[in-house]
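The next block holds one structure in the form of structure tokens; read it before the comments.
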Amino acid sequence: MQYKATSAEDYIDQVPEERKSALHKLRKIIKENLPNGFEEGIQYGMIGFYVPHKLYPDGYHCTPKEPLPFMSFASQKNSINLYHSGIYAIPEIKDWFVNEYPKHCKRTLDMRTSCIRFKKIEEIPFELIAELCKKITVDEWIAVYETNIKKK
């Protein structure tokens with residue numbers, strides 16, 4: 001679902017009541033565990049965490065006015081989705097996540113490219129997401145991003 005939000009709190013205020021608690025907890029987990037330097041805001045209609053222009057003035061190559069995206073989450077029609085660019089760009093992080101997931105959740109992993117879908121809100125593996133957040137710093141993400149862009 002699309003929400004016309006101006007802040008993370010505004011976004012969460014608009015979602016169905018039964019999802020608010022999970023989204024507040026997900027936001028808290030990410031903010032507490034993401035390395036320093038990433039900023040929070042609304043990006044692409046979701047709650048996003050990105051590299052601000054003050055750290056990476058070039059911004060996102062597709063839309064340089066946008067800060068460099070890294071991680072986001074959204075309340076969709078049938079799921080809560082978590083998007084993590086490191087899972088897409090760094091095979092070791094993806095492999096780690098795929099291997100760790102069954103230790104935290106009995107449900108089959110529903111993942112595509114950088115998107116992880118949680119259809120059962122009560123089964124969101126918050127501890128695993130906290131560990132995922134710690135896997136890459138702002139500087140490491142910029143380096144990975146620049147390496148991948150230069151290959152194209």
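The values are calculated or read from the model by the stated rules, or taken from the named source; none is laboratory data. Fair warning: this is a prediction, and the values are worked out from it, not measured in the lab. Note that we place each Cβ from the backbone using ideal geometry, even for glycine, and neighbour counts take in every protein chain shown. When the accessible area is computed, the model is the full protein with side chains, heavy atoms only, and any ligands, DNA or RNA have been set aside. Shrake-Rupley method; radii C 1.70, N 1.55, O 1.52, S 1.80 Å.
In terms of its C-alpha gyration tensor, the chain has an oblate overall shape, because the principal axis ratio a/c (a ≥ b ≥ c, square roots of the eigenvalues) is not below 1.5 and a/b does not outweigh b/c. Think of a 1.4 Å ball rolled over the protein heavy atoms: the stretch 10-152 then has 54 Å² of accessible area per residue.
Candidate cross-link partners of K4 among the aspartates and glutamates, defined by an alpha-carbon separation under 18 Å and a same-chain spacing of 8 or more, comprise D13, E17, E40, E66. Size descriptors for the stretch 1-40, from the alpha-carbon set: Rg then Dmax equal 11.2, 32 Å.
When the solvent-accessible area of the chain is split by element, carbon and sulfur atoms take up 49 percent of it, the probe being 1.4 Å. Among the protein heavy atoms, those of T113 account for about 90 Å² of accessible surface (1.4 Å probe, every chain in place).
Rounded to the nearest 20 debye, the dipole magnitude of the chain is 440 debye, with +1 charges on Lys and Arg beta carbons, -1 on Asp and Glu beta carbons, and the Cα centre as origin.
In the stretch 74-152, taking the dipole from charged Cβ atoms about the Cα centre, the farthest positive-side position among S79, H104, A89 is held by S79. Distance between the pseudo-spin-label points of E17 and T63 (7 Å out from Cα toward the beta carbon): 3.4 nm. When the listed pairs K54/K134; K54/K77; K31/K103; K106/K135; K31/K106; K20/K134 are checked against a 28 Å cut-off, the alpha-carbon distance exceeds it for K54/K77.
With Cα atoms as the point set, the radius of gyration and Dmax of the stretch 28-94 evaluate to 12.3, 36 Å.
Place a label point 7 angstrom from the Cα of R107 along the Cα-to-Cβ direction, then list the residues of the stretch 1-45 whose backbone nitrogen is under 19 Å away. What the label zone holds, given the 19 Å backbone N cut-off, is 1, 15-30. Karplus-derived 3J(HN,Hα) values for the stretch 94-106, using 6.51 cos²θ - 1.76 cosθ + 1.60 with θ = phi - 60°, are 4, 4, 4, 4, 4, 6, 7, 3, x, 6, 10, 8, 7 Hz; glycine and proline are entered as x.
Sorted largest first by accessible area at a 1.4 angstrom probe radius, with every protein chain in place, the residues W96, W141 fall in the order W96, W141.
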